[in-house]
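Peer 1: There's a structure below that I have some questions on.
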Amino acid sequence: GKPKPCAPARGCNARHSPMEVLRTRLCEWRPTGIDALALAPATVNGLEVREPRLAVGRANGVVELWDTTTWHLHSSTAGHTKRSIRSFLWLTAEDGSAKQRLFSAGLHREISEWDLTTLQPVVSLASGGGPVWSLSSMGMQIFAACEDGSVRIFSAQGEQGDLMLQGRLQIGKTRLLSVAAFGEEHIFAGGSDSRIAKWSVQTRTCEASMQAEKTRGVETLIWSLAALGDHSLASGDSLGLVHIWDPIACVILHRFAQHQADVLTLAATADGNVLISSGVDAKMSVFGRQQDGEERWVFRNAEFGHTHDVRAMAIDGESGPFISGGIAGTMRVHPLRSLGRPDWKNDKRVLRAPIELSGFFFLFSCA
């Protein structure tokens, strides 16, 4: 005969028994690349700078502030499709304190100052020269390398929110990709014409021009410039070369071919004795200045860890660590291993191994 249906469990109404339904939705996480990094100094005039000190700009317009003592995400803005930050700049307030002011600029053609408490723009000004690829400062003056071949000069004198266009230096007719202030009077600007120009800010005249290498007649892009203290200038270009220049005679002192592709970013210690370069090949090359009679620059070591292009780096002070980020969306904090300090292994404050940070990871959520 036919099998009899099973009797319902005691105390359970088979017709109206509840049922729990678990609905899940899986989505592919697409990391947002990092285009800009900047570290505020740890101390100013003997006063400690308050955290957060690390500013991060992502490809979708997000601005983040990170705490460098605990390495967690302190605050973040919402993304903005019309904002593309390429450079950050920290300036010390003029009131005698260690208070910092944060400025940014990018391909959205504006220069902005940010409120560090609310992380909202306090003031935004049009660059006047199109997209901005790089920022540098001299005192309270801000220099912006623009798309139209000019360096726009802004004044940040005064209180928070005081930002005013002072003038411009017409470097050339091609796009400027990098700018670096040197000393108290000069700036260097590099662009897409294989040339680095030296300009006097006071007289607003070009004093010298340095020519980079070319291959098969194709112009070389000067992606990055970095002032090395008061003694040298470094450049990174689309040939994968790192050059150390004499800023007075404007001649090449050293040439390094440690990279297989474009060098997109340079970072130097505060004293200018250590230089780090990276770019499309994701290799981070560390160079050091030997304190001997010749004061030569030498390649020391290489750091790896990124899987894709590295677009931004920053070094904390003179002994590190240094932070790197790129299109993969993660930041890495690395120790400066090759400083030759005898107390390196005994100093508990020195970072021992690299740390990988991600704003997506739950341990690094907003404070």
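The values are calculated or read from the model by the stated rules, or taken from the named source; none is laboratory data. Everything numeric here is computed off the predicted structure, so don't read it as measured data. Cβ: placed from backbone, ideal geometry, glycine included. Neighbour counts: every protein chain shown. What goes into the accessible areas is simple: the full protein's heavy atoms, side chains included, and nothing from ligands, DNA or RNA. Shrake-Rupley method; radii C 1.70, N 1.55, O 1.52, S 1.80 Å.
Peer 1: Run residue 139 past the list (1) at pLDDT 95 or above; (2) at positive phi and report the number of the one that doesn't hold.
Peer 2: Only one criterion in (1) at pLDDT 95 or above; (2) at positive phi is unmet by residue 139, namely (1).
Peer 1: Determine whether residue 287 is surrounded by fewer than 19 Cβ atoms within 10 Å (Cβ to Cβ) and assigned to a strand (DSSP E or B). Working first, answer last.
Peer 2: Numbers: surrounded by fewer than 19 Cβ atoms within 10 Å (Cβ to Cβ): no; assigned to a strand (DSSP E or B): yes.
Judged against the criteria, residue 287 is not a match.
Peer 1: Any idea how many residues of segment 74-91 are under 18 Å from the mean Cα position of the chain (by Cα) and of a type in the set (Val, Ile, Thr)?
Peer 2: 2
Peer 1: Looking at segment 38-50, is at least one residue in contact with a Gly (Cβ under 6 Å, 6 or more places away or on another chain), at pLDDT 90 or above and under 30 Å from residue 98 (Cβ atoms)?
Peer 2: No, that holds for no residue.
Peer 1: Could I ask something else about it? Mind listing whichever residues of segment 156-177 are more than 18 Å from residue 87 (Cβ to Cβ) and touching an Asp or Glu at 6+ places or on another chain (Cβ under 9 Å)?
Peer 2: 157, 158, 159, 160, 161, 162, 170, 172, 173, 174
Peer 1: Mind telling me which of the residues 41, 18, 31, 52 ends up being free of Cβ contacts under 8 Å to residues at least 12 places away in the same chain and of a type outside the set (A, V, I, L, M, F, W, C)?
Peer 2: Going through 41, 18, 31, 52 in turn, just one is free of Cβ contacts under 8 Å to residues at least 12 places away in the same chain and of a type outside the set (A, V, I, L, M, F, W, C): 18.
Peer 1: Here are some residues: 204, 195, 152, 175. Which one is in contact with a Lys or Arg (Cβ under 6 Å, 6 or more places away or on another chain) and open to solvent by 20 Å² or more (accessible area, probe 1.4 Å)?
Peer 2: 152
Peer 1: Please go through segment 32-91 and give me each residue that is crowded, with 16+ Cβ neighbours inside 10 Å, part of a strand (DSSP E or B) and among the hydroxyl-bearing types (Ser, Thr, Tyr), ordered by number.
Peer 2: Once the filter is applied, which keeps residues that are crowded, with 16+ Cβ neighbours inside 10 Å, part of a strand (DSSP E or B) and among the hydroxyl-bearing types (Ser, Thr, Tyr), segment 32-91 yields 75, 76, 87.
Peer 1: Another question, if that's okay. Looking at this structure, is residue 242 over 26 Å from residue 91 (Cβ atoms), surrounded by 22 or more Cβ atoms within 10 Å (Cβ to Cβ) and under 23 Å from the mean Cα position of the chain (by Cα)?
Peer 2: It is true that residue 242 is over 26 Å from residue 91 (Cβ atoms), surrounded by 22 or more Cβ atoms within 10 Å (Cβ to Cβ) and under 23 Å from the mean Cα position of the chain (by Cα).
Peer 1: Still on this structure: Would a scan of segment 297-317 turn up a residue that is closer than 18 Å to residue 38 by Cβ, surrounded by fewer than 20 Cβ atoms within 10 Å (Cβ to Cβ) and at pLDDT below 90?
Peer 2: Yes: one or more hits.
Peer 1: Follow-up question, since we're still on this one. Can you list the strands (runs of 3 or more DSSP E) lying wholly within segment 185-245 that have 3 or more residues being over 24 Å from residue 298 (Cα atoms) and touching a His at 6+ places or on another chain (Cβ under 7 Å)?
Peer 2: Of the strands (runs of 3 or more DSSP E) lying wholly inside segment 185-245, those with at least 3 residues that are over 24 Å from residue 298 (Cα atoms) and touching a His at 6+ places or on another chain (Cβ under 7 Å) span 195-200.
Peer 1: Look through segment 255-273, keep the residues that are part of a strand (DSSP E or B) and closer than 14 Å to residue 286 by Cα, and return whichever of them is most open to solvent (accessible area, probe 1.4 Å). Can you show your working first?
Peer 2: If we filter segment 255-273 for residues that are part of a strand (DSSP E or B), which is where we start, we get 255-256, 263-268.
When the remaining residues are screened for being closer than 14 Å to residue 286 by Cα, the result is 255-256, 263, 265-268.
Working: 255: 128, 256: 25, 263: 0, 265: 11, 266: 19, 267: 8, 268: 30 Å².
If we take residues in segment 255-273 being part of a strand (DSSP E or B) and closer than 14 Å to residue 286 by Cα, then 255 is most open to solvent (accessible area, probe 1.4 Å).
Peer 1: Among the residues of segment 281-302, which ones are free of Cβ contacts under 8 Å to residues at least 40 places away in the same chain and within 20 Å of residue 334 (Cβ to Cβ)?
Peer 2: Pass one, segment 281-302, residues free of Cβ contacts under 8 Å to residues at least 40 places away in the same chain: 283, 290-294, 298, 300-301.
283, 298, 300, 301, listed by residue number.
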